[in-house]
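Visitor: Starting off with a structure, shown below.
What follows is calculated from the coordinates using simple rules that are stated; it is not laboratory data. Note that the structure is predicted; figures quoted are calculated from it, not measured. Reconstructed Cβ throughout: ideal geometry from the backbone, glycine too, with neighbour counts over all protein chains shown.
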């Protein structure tokens, strides 16, 4: 039985546009986990464009450099056949299709996945729209299928990598960027909330609305030119959520802001990181592109709520199957 090294992952979790898409109102309590803040924040209103004018969205692409950044866990060839999915703090379902959970029958259409639990998979999971497609190694109790769909926001991390493996300060900062850009947990958004299903490549779709034309796509609203440069430099094979996270972290590294992001639980570091990235994300304070922006104070309140939620939800990791001898080896899994 290929069971994951649960303790290692538990330790990892402990260390661990005009406003993008023209976002509307967001309740603070919906930002992350158990974080709750009274009231709501309103996205900045877009200024009226000049009649008949369409401007192309801009996004700075910092040159590659030697600035420090996040070091993703290295691959261990002896562990490359270990694949997993870890459920977040809320129980969810493995579904036979991507249909709404409420429309599916227990046992034949959906099977429960326990919160805070690691499940071993046959192979590396795939991504499709708002779902992760996974083939479970061990059949779930009372379940007639072992391959299906898991709602992406209910998943903490997988062996494909992703945000769940990052330090909590960094995760909260990335979530705040996504809030500012209007995408939140959506990795499949294109400018103006158009969605896509396949993560094989950047959608490369130019949309004009409200006087602005943009190819922005993904959780971090990468313009096509930005993505092409980063994908080439990082050898990213696709536009999946893990690839998007790597590209966003690379931008934070190149702007020299990653050390501040890593220590962004203090206001001074948070503000510094925001300022260093406002030529990349047009919704950030002081962005020079003439598009609506949030203030540092507004985004600090969002960040603080998200971070509070992450810190409150750090749980013990429960193995989903009987541990084997390999469970007790102090060898990190492949990410």
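Visitor: Quick check on the exposure proxy: order 166, 249 from fewest to most C-beta atoms within 10 angstrom.
Guide: The fewest-first ordering by Cβ neighbours comes to 249, 166.
Visitor: Tell me, what is the percent relative contact order of the stretch 128-226, built from C-alpha pairs under 8 Å that lie six or more residues apart?
Guide: 23 percent
Visitor: Hey, what does the equivalent ellipsoid look like for the stretch 83-158, semi-axes from the Cα gyration tensor as sqrt of 5 times each eigenvalue, largest first, whole Å?
Guide: One finds semi-axes of 16, 13, 12 Å for the stretch 83-158.
Visitor: Sorted from fewest to most neighbouring beta carbons within 10 Å, what does the list 287, 198 look like?
Guide: Fewest-to-most ranking of 287, 198: 198, 287.
Visitor: Show me the three semi-axes of the equivalent ellipsoid for the stretch 242-313, from the C-alpha gyration tensor (sqrt of 5 times each eigenvalue), largest first, rounded to whole Å.
Guide: Ellipsoid half-lengths, sorted descending, are 19, 16, 12 Å.
Visitor: Then there's this: To make sure I understand, if each residue's beta carbon is the centre and we count other beta carbons within 10 Å, what order do 239, 136, 193 fall in, fewest to most?
Guide: By the 10 Å Cβ count, ascending: 193, 136, 239.
Visitor: Provide the descending list of Cα extents for the stretch 119-263 along its principal axes, expressed in whole angstroms.
Guide: 53, 36, 27
Visitor: Run through every distinct alpha carbon pair of the stretch 56-190 and return the Kirkwood hydrodynamic radius in angstroms, one decimal place.
Guide: 16.8 Å is the Kirkwood radius here.
Visitor: Would you mind calculating the relative contact order of the stretch 83-158 from Cα pairs under 8 angstrom and at least 6 residues apart, reporting the percent as a whole number?
Guide: 41 percent
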